[in-house]
Amino acid sequence: MKIIKEINQDILDSDIFLIPTMGALHEGHLSLIEEGKKFGLLIMVSIFVNEIQFNQEEDFISYPRPIEDDIKILQDLNVDYLFIPENNYIYSKNAFETIDSGVLGKQYEGSSRPGHFDGVLTVVNRLFELINPKVAIFGKKDAQQLFLIKEMNKERGLEIEIIEGKTIRESSGLALSSRNLLLSDRGKEKAALLYRILKEVKKEFSDRRELDAFELLSSRYLNIGIDYLEILDLETFSKPTEKTDKYIILVAAIIEDVRLIDNIEFKLEDE
Ligand code: AMP
């Protein structure tokens, strides 16, 4: 595995499958790498803790950075390139474009984290520009992020194939996240309730087909610090209409000062 800090001509001449991450690698990241291996391209994992997508400095500072462990994991997986850029390479003076994540970028996760999605799109666009990957993969765990990246890719005519990685969970249902490292055992138990809530809301909504069903439910779980619980049309990422075919329920909560998000997708059976 080559560890690089800058992109060179060899890379630009290769067909790259890119897996952008912020490190503190877990099985969720590894599943994206496994997906990548099916493509027969050179695999590049990037690790860059992107300060501009953090809206709170403490969150950026406390973000886990076990880089030696990450390097070992990626070496064992025979990844071709590990790209660990410096901040001033990604954000070299005047050489990068700031991307506006628009109206959707200010809703849901973006409403609680102003500027977050502008930061995410700006770094992803910059990585795409620097690396020019043939394919890039993003996890469905960060559904709003994935949606916005796909939109950006389309709007800017970037011609990069975007693959969606399924969410990997612990047996408790807790979606794997680098932030789980910051939780106590008790916090992890609470966090596992998020997936239970998603499944219950899905069931309640499927049975009653009423939007307020989930509002009732969120009040049942007030003590776990839910920030938002939303049911949306998966294709448009806006409120469902009669035309909605696939739904997504988003949840965010703050547990032990750690921000966690999760979601579930579904179709209504037999209308
Ligand atoms: P992060 O390092 O948290 O920025 O995540 C890097 C990539 O891994 C993103 O595309 C995430 O959506 C994805 N990811 C994070 N958690 C999971 C998970 N539990 N299962 C699958 N993919 C994930």
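The values are calculated or read from the model by the stated rules, or taken from the named source; none is laboratory data. Bear in mind that the values here come from a model prediction, so they are computed numbers and not experimental data. Counting neighbours? That spans all protein chains shown, and the Cβs are built from the backbone with ideal geometry, glycine included. Surface accessibility is based on the protein's heavy atoms, side chains included, excluding ligands, DNA and RNA. Shrake-Rupley method; radii C 1.70, N 1.55, O 1.52, S 1.80 Å.
Overview of results
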{"read-out": "Near pairs, Cβ below 8 angstrom, 6+ apart or cross-chain, from region 10-38 (part of a loop (DSSP other than H, G, I, E, B)) to any residue that is open to solvent by 10 Å² or more (accessible area, probe 1.4 Å) and charged (D, E, K, R)", "value": "Asp15/Lys134; Gly23/Arg65; Ala24/Arg65; Leu25/Asp69"}
{"read-out": "Residue count, region 126-168 (criterion: among the polar types (S, T, N, Q), over 18 Å from Gly28 (Cα atoms) and under 17 Å from the mean Cα position of the chain (by Cα))", "value": "1"}
{"read-out": "Residues located in region 9-62, provided they are within 12 Å of the ligand (Cβ to nearest atom) and of a type in the set (Phe, Trp, Tyr)", "value": "Phe48, Phe54"}
{"read-out": "Odd one out for Glu235 among (1) assigned to a helix (DSSP H, G or I); (2) open to solvent by 50 Å² or more (accessible area, probe 1.4 Å)", "value": "(1)"}
{"read-out": "Count of region 41-60 residues which are open to solvent by 70 Å² or more (accessible area, probe 1.4 Å) and either modelled with pLDDT of 95 or more or in a helix (DSSP H, G or I) (or both)", "value": "4"}
{"read-out": "Any hit, region 99-122, residues being within 16 Å of the ligand (Cβ to nearest atom) and part of a strand (DSSP E or B)", "value": "no"}
{"read-out": "Some residue of region 153-160 being open to solvent by 60 Å² or more (accessible area, probe 1.4 Å), of a type outside the set (Asp, Glu) and either within 21 Å of Ile7 (Cα to Cα) or out of contact with any Ser or Thr (no Cβ under 9 Å at 6 or more places or on another chain) (or both)", "value": "yes"}
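Quick grid of which residues meet (1) modelled with pLDDT of 95 or more; (2) part of a loop (DSSP other than H, G, I, E, B); (3) surrounded by 13 or more Cβ atoms within 10 Å (Cβ to Cβ):
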position	(1), (2), (3)
Ser218	no, no, yes
Ile231	no, no, yes
Glu242	no, yes, no
Asn263	yes, no, yes
